[in-house]
Amino acid sequence: AQSVTQLGSHVSVSEGALVLLRCNYSSSVPPYLFWYVQYPNQGLQLLLKYTSAATLVKGINGFEAEFKKSETSFHLTKPSAHMSDAAEYFCAVRGIQGAQKLVFGQGTRLTINP
Amino acid sequence: EPEVTQTPSHQVTQMGQEVILRCVPISNHLYFYWYRQILGQKVEFLVSFYNNEISEKSEIFDDQFSVERPDGSNFTLKIRSTKLEDSAMYFCASRGQGRVQETQYFGPGTRLLVL
């Protein structure tokens, strides 16, 4: 079965600092992986996705993620944090059966310090 | 840009009452989903729907839950007799068909509070 583990339920960085949110996956087949962002009191917005093409994926708002098969990882990074990046971030892997549900990690709450 | 919409945004109900959560998926999408997020917890899959039938459901989706696509545009989740533990944010999602249509687009959610 597919599963996702996000290391660190809370991450705090200073404005302008590097953002690194960790995601490791488990999948019996080549995975499709996603990062979603949830701003306070809002729904889930797709940041970026890996679908077996380029291993370095660029998303919206300056975020990118690198798929590393050898490490079963899909960590999310941003070179310079902005106050508006404060949100909850979810990593997800797509299921392989039927309608291909998403299996989410537990989420990482990102706080940006001025 | 097309988007998934959900109504109501908030719903408060008494335990044991029936609630219907409504979603309008993106118009040319064929797969529909409900997820829920209990406060402070991760997003959990409830059910997927394709070709007018349930294609997969989780263990959470018991006999108290049902889904329907009554008119070709709306997609509803019904909870027949709500419990306190049904309090959560419920998200609807939809996606198109085919290999390039793998992205699920989420609605803004309905926050359900059962008292």
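The values are calculated or read from the model by the stated rules, or taken from the named source; none is laboratory data. This is a predicted model, so every value here is computed, not measured. FYI the Cβ positions are ideal-geometry reconstructions off the backbone, even for glycines, and counts take in every protein chain you see. Note: accessible area is taken over every heavy atom of the protein model, side chains too, but ligands, DNA and RNA are not part of it. Shrake-Rupley method; radii C 1.70, N 1.55, O 1.52, S 1.80 Å.
Listed cross-link partners A:Lys49/A:Lys78; A:Lys49/A:Lys101; A:Lys68/B:Lys57; A:Lys49/B:Lys83; A:Lys58/B:Lys57 are compared with a 26 Å cut-off, the Cα-Cα value being larger for A:Lys68/B:Lys57; A:Lys49/B:Lys83; A:Lys58/B:Lys57.
Computed on the Cα trace of chain B, the radius of gyration divided by the Kirkwood hydrodynamic radius gives Rg/Rh = 0.95. Could you list log10 I(q)/I(0) for region A:68-110 at q = 0.23, 0.30 Å⁻¹, which the Debye formula gives when each Cα is one point scatterer? These q points yield log10 I(q)/I(0) values of -0.94, -1.09.
Surface composition of region A:1-109: carbon plus sulfur atoms hold 52% of the accessible area, using a 1.4 angstrom probe and ignoring ligands, DNA and RNA. Comparing A:Asn61, A:Asn41, A:Asn24 in a Gaussian network model of chain A (Cα springs below 10 Å), the most mobile by mean-square fluctuation is A:Asn41. In region A:43-58, comparing the full protein assembly with the chain on its own, the residues that lose 50 Å² or more of accessible surface at a 1.4 Å probe are A:Leu44. Taking the chain by itself as reference, region B:34-57 contains these residues with an accessible-area loss of 30 Å² or more in the full protein complex (1.4 Å probe, heavy atoms): B:Tyr35, B:Gln37, B:Lys42, B:Val43, B:Phe45, B:Glu56.
Averaged across A:100-110, how many Cβ atoms of other chains sit within 10 Å of each residue's Cβ atom? Present the calculation step by step, with values, prior to reporting the outcome.
Details: counts 8, 14, 9, 4, 7, 2, 4, 5, 0, 1, 0.
Mean inter-chain Cβ contacts per residue within 10 Å come to 5.
Once neighbouring chains are kept in place and the probe is 1.4 Å, which whole percent of the accessible area of chain B is contributed by carbon and sulfur? After summing per-atom areas, the C and S share lands at 46 percent.
Of all the options A:Tyr50, A:Tyr39, A:Tyr25, the one that moves most in a Gaussian network model of chain A with Cα springs shorter than 10 angstrom is A:Tyr39. Under 5 Å from the amide H of A:Gly95 lie the amide H atoms of A:Lys101, A:Leu102, A:Val103, each residue being 5 or more positions distant or on a separate chain, with H modelled from the backbone and absent for Pro and chain starts. Each Lys or Arg adds one and each Asp or Glu takes one away; over the other residues whose Cβ falls under 14 Å from the Cβ of A:Gly95, this sums to +1. The solvent-accessible area of B:Leu115, taken with every protein chain present and a 1.4 Å probe, is close to 100 Å². Using equal-weight Cα scatterers in the Debye expression, the normalised intensity of chain A in log10 at q = 0.10, 0.12, 0.18, 0.20 Å⁻¹ is -0.27, -0.38, -0.85, -1.04.
With a 1.4 Å probe, what is the total accessible area buried between chains A and B, in Å² rounded to the nearest 100?
Values: alone 6120 and 6800 Å², together 11160 Å².
Summed over both sides, the interface buries about 1800 Å².
Looking at the protein assembly as shown, the accessible area is 49 square angstrom per residue; that uses a 1.4 Å probe and ignores ligands, DNA and RNA.
Between the DSSP loop rule and a limit of at most 13 other Cβ atoms within 10 Å, which GluC sites (Glu not before Pro) in region B:25-105 are left?
On the way: sites: B:Glu44, B:Glu53, B:Glu56, B:Glu59, B:Glu68, B:Glu85, B:Glu102; in loops: B:Glu59, B:Glu102.
Listed in order of number, the matching sites are B:Glu59.
For the protein assembly as shown, the extents of the C-alpha atoms along the principal axes are 49, 39, 33 Å, listed from largest to smallest. Spatial offset of region A:57-114 relative to region B:71-99 amounts to 24 Å, using the alpha carbon center of each.
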